[in-house]
1. Mind listing whichever residues of the range 72-90 are in a helix (DSSP H, G or I) and either surrounded by 15 or more Cβ atoms within 10 Å (Cβ to Cβ) or of a type in the set (Phe, Trp, Tyr) (or both)?
2. Within the range 108-137, which residues are within 31 Å of the chain's Cα centre (by Cα) and closer than 15 Å to ASP75 by Cβ?
3. As an exercise: evaluate THR51 against (1) in a loop (DSSP other than H, G, I, E, B); (2) at pLDDT 70 or above and give the number of the one condition it does not meet.
4. Restricting to the range 88-127, count the residues that are closer than 20 Å to THR71 by Cα, charged (D, E, K, R) and in contact (Cβ under 8 Å) with a residue 12 or more places away in the chain.
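The values are calculated or read from the model by the stated rules, or taken from the named source; none is laboratory data. These numbers come from a predicted model, not from an experiment. Every residue, glycine among them, receives a Cβ derived from its backbone with ideal geometry; neighbour counts consider all protein chains shown.
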Amino acid sequence: MKPLLPQSQDGDGRNLLDRVEDAMLPLINLVFLLLLFFIVAGHLTDDPLPTLPGTAEEGESSAPKADMMVTADGDWQIGKQVVPREQLLQQLPRPDASRPLRIAADAGITLDDLESLLHTLEQAGYDKVTLLTEPRL
């Protein structure tokens with residue numbers, strides 16, 4: 001059987017494959033050192049990222065304004081005041097086909113509470129309702 005690589009040897013007795021392996025070793029070392037450098041350099045700073053233009057400052061809410069809010073307890077609030085179910089329709093803005101009613105819902109609200117609210121709003125003539133939620137990052 002004929003060997004795949006020629007067995008030509010240079011003056012020191014090494015073949016071509018040995019010389020290629022020796023030439024690759026400094027390149028492998030360099031890539032490894034660069035990798036270590038970027039890993040260490042990425043962990044050296046504890047400074048937070050600078051605030052981007054147009055982002056909310058700490059303590060500010062960037063959430064859109066809601067016409068009403070439903071809490072996890074099932075309370076209905078308009079302007080941070082709890083509104084009884086009997087007075088809800090008098091406190092809300094009139095139904096408008098061009099602007100949907102915006103409802104902010106707490107993450108702990110049950111589907112039954114939300115369904116009863118939507119049923120009440122549907123009977124009052126609100127055809128379009130937007131449910132506002134906060135994404136979890």
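1. Those that are in a helix (DSSP H, G or I) and either surrounded by 15 or more Cβ atoms within 10 Å (Cβ to Cβ) or of a type in the set (Phe, Trp, Tyr) (or both): LEU88, LEU89.
2. Within the range 108-137, GLY108, ILE109, THR110, ASP112, ASP113, LEU114, SER116, LEU117 meet the criteria.
3. (2)
4. 3
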